[in-house]
Every structure is written in structure tokens, then in C-alpha cells.
Amino acid sequence: MKKKEQGHSTVSLFDMQFVTATISTTLVLLLLGMVLFFVLTAHNLSVYVRENISFSLVLDDGVTDREVLRLQRALQQEPFVKEVEYISKERALQDYVAATGTDPQEFVGYNPLGASLEIRLHSAYANSDSIAWIEERIGQDKQVKEVLYQQELIDAVNKNIGRISLILLGLAALLLLISFALISNTIRLTIYSKRFLIHTMKLVGASWSFIRRPFLRRNFWVGVMSAVIADGMLWGAAGWLVTYEPGLVQVVTSEVMALVSAAVLVAGVLITCLCALLSINKYLRMKEGALYLV
């Protein structure tokens with residue numbers, strides 16, 4: 001029993017190898033967390049962009065304020081509508097003059113622009129098919145003269161968002177494999193230096209589970225410490241981004257950072273423990289002569 005206890009004490013928890021493994025694992029987890037951060041913020045950004053694409057309901061010239069209010073309230077009850085804004089004829093003229101620098105009243109003698117309702121949709125409905133269905137549904141109202149939206153812009157936004165999402169997901173999967181390989185190499189080198197200790201513990205009758213325990217415990221804490229450090233750096237970077245550009249607060253949310261932190265922690269613990277388990281089992285299966293050849 002004393003020899004077994006001595007074997008456990010030989011695998012120290014905190015030493016220079018622990019520090020080296022923690023630093024290496026932290027850098028890998030930091031890269032993994034950054035990619036995951038970009039994946040999640042890209043999703044939030046796509047939602048933000050989609051929900052800021054609006055389309056207009058041009059109202060009939062004879063529509064009354066009461067009818068406009070009724071239509072506006074009815075639209076706000078629809079599940080696909082996020083926001084409805086009324087644009088009067090006067091405001092439409094002001095916006096047109098500000099955008100083009102010309103006043104159409106100077107040419108035609110009256111304001112040719114009509115009142116309208118600007119509608120912003122929830123992101124799930126910000127696509128051509130949904131808008132076509134919405135156009136058909138809303139266009140049946142007799143107060144609606146015309147439905148205007150930029151179909152090419154909507155198609156381009158959705159297409160580009162889809163491409164970017166696929167690229168980021170592929171990059172995240174690739175980096176996960178690379179992370180596993182790099183962390184595995186670091187842990188394998190650490191356990192390699194203890195291969196004769198593992199064999200000695202086998203000779204004195206220690207069970208495989210008993211031999212694994214200190215190595216798994218050690219690498220569990222390597223994963224935890226590395227993840228905590230990486231998460232701290234990611235939170236610091238996110239805080240700096242939001243401070244530098246306050247508009248990013250709608251993209252870099254606390255929910256995103258919580259998911260990134262949890263994923264980095266889980267990945268750190270799982271990868272380090274799994275790599276340690278695989279490396280230990282390798283040396284547990286080896287005969288004494290093979291230990292000199294690896």
C-alpha cells in the first residue's frame with residue numbers, strides 16, 4: 001500500500017510540466033473560443049441585418065388617420081412583424097428631398113409621394129418566400145395601394161450569410177480537430193516521461209484504474225485552469241470591443257459569451273481527460289521491452 005501511495009505522490013499535481021501544459025492548452029482553447037465566438041456573433045449579426053431590412057406598404061391616397069391606426073395595430077399583432085412605423089406624405093417628401101437633393105413639387109406642383117407603413121420583420125421571415133406570402137396577405141387590404149421591397153438585396157443578404165455561416169462552421173470543426181491533436185501531443189509528452197513509473201506501478205500490483213487516477217485528475221485541472229484563463233481573455237476582448245464600438249452590444253451579447261465560456265470549459269476538460277486516458281492506456285498495454293523503443 002505504501003508503494004501505491006508513493007506512486008500517487010510521484011505524479012505531482014502542480015509542477016513545471018503542469019504549467020507548460022496549461023499554457024499550451026490555454027492557447028489552443030483561446031483559438032477555439034475565438035472561432036466559436038465568431039460563429040455565434042455571426043448568427044446574431046445575421047439576425048440584426050435581417051431585422052433591419054424593411055419593406056413599405058404604400059397607402060391609398062384617401063386613407064384616413066383612423067384607418068391607418070387600425071391597419072398599424074393589426075400589423076403589430078402579426079407574428080412576423082417586429083416593428084411598424086408610419087411615414088406620412090410630408091415626411092416622405094422630406095426624406096426624398098434629403099436623399100436626392102431635389103423637390104418633386106417644383107416640377108409637378110404637388111406632393112406626389114404617398115403615405116406608407118415601414119415594416120421590419122423578425123429574422124425568420126426576412127426571406128423572399130416569406131415576404132411574397134406576406135405581400136399576398138397584406139395586399140388584400142383595400143387601404144394598401146402597393147407593397148415595395150428590395151428582393152435582390154434580401155436574396156443577396158441571405159445568400160452571403162449562408163456562405164459565411166458554412167465557412168465559420170467548417171473552420172470551427174477543423175480547429176476542433178487541430179486542438180485535439182495539439183493538446184494530445186502536449187499531454188502525451190508529459191505522460192511519456194512517466195512511462196516507467198506506470199510500468200513500476202503495474203509490477204507492484206496496482207490496478208489500471210488506480211494508475212489512471214492521478215493522471216486523469218492532473219489533466220482535469222489542466223483543462224479547467226486553461227479554460228478559465230482562456231475564458232478570461234475572451235471576456236476581456238469582448239468587453240474591449242463593446243467599449244470601442246457600443247453598437248456591437250446587440251451582437252456581442254452576454255448570452256453569446258456565456259455559451260462560448262461554457263463550450264471552452266467543456267472542450268478543455270473533455271479533450272485533456274480523453275487525451276490523457278488514451279495515452280495512459282497506451283503505456284499500460286506495453287510490455288517492458290517496448291518502453292525502451294518508444
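None of the figures in this text is laboratory data; all of them are computed from the coordinates on show. Computed from a prediction, not measured in an experiment: that's the story for all the values here. Quick reminder, even Gly has a Cβ in these numbers, built from the backbone with ideal geometry, and neighbours come from all protein chains shown.
Summary of values
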| item | result |
| --- | --- |
| Computed log₁₀ I(q)/I(0) - Debye formula, equal Cα scatterers, no solvent, the range 168-236, q 0.20, 0.26 Å⁻¹ | -0.95, -1.18 |
| Pairs of Cα atoms farther than 18 Å apart, the range 54-97, % | 32 |
| 19 Å tail of the calculated P(r), the range 54-149, as % of Cα pairs | 43 |
| Lys145 long-range amide H proximity, modeled H, under 5 Å | Val58, Leu59, Asp60 |
| Computed label-point distance, nm, for sites Glu245 and Trp208 using a 7 Å Cα→Cβ extension | 5.2 |
| Inter-centroid distance (Cα atoms) of the range 215-258 relative to the range 144-161, Å | 36 |
| Lys282, Lys194 arranged by Cβ crowding within 10 Å, fewest neighbours leading | Lys282, Lys194 |
| For the range 30-135: relative contact order, % (alpha-carbon pairs under 8 angstrom, 6 or more apart) | 39 |
| Ellipticity estimate at 222 nm from DSSP helix runs (n ≥ 4, -39,500 (n - 2.57)) divided over the chain, nearest 500 | -24000 deg cm²/dmol |
| Chymotrypsin sites (Phe, Trp or Tyr not before Pro) within the range 103-163, DSSP loop, no more than 11 other Cβ atoms inside 10 Å | Tyr110 |
| Sites matching trypsin sites (Lys or Arg not before Pro) across the range 104-191 that sit in DSSP coil, with at most 11 neighbouring C-beta atoms within 10 Å | Lys142 |
| Compactness index (Cα Rg / 2.2 N^0.38 Å), the chain | 1.63 |
| Linear extension gain, Phe107 paired with Asp95, 0.36 nm per residue minus alpha-carbon span | 2.6 nm |
| The range 198-270: radius of gyration and largest Cα-Cα distance (Dmax), Å | 19.4, 64 |
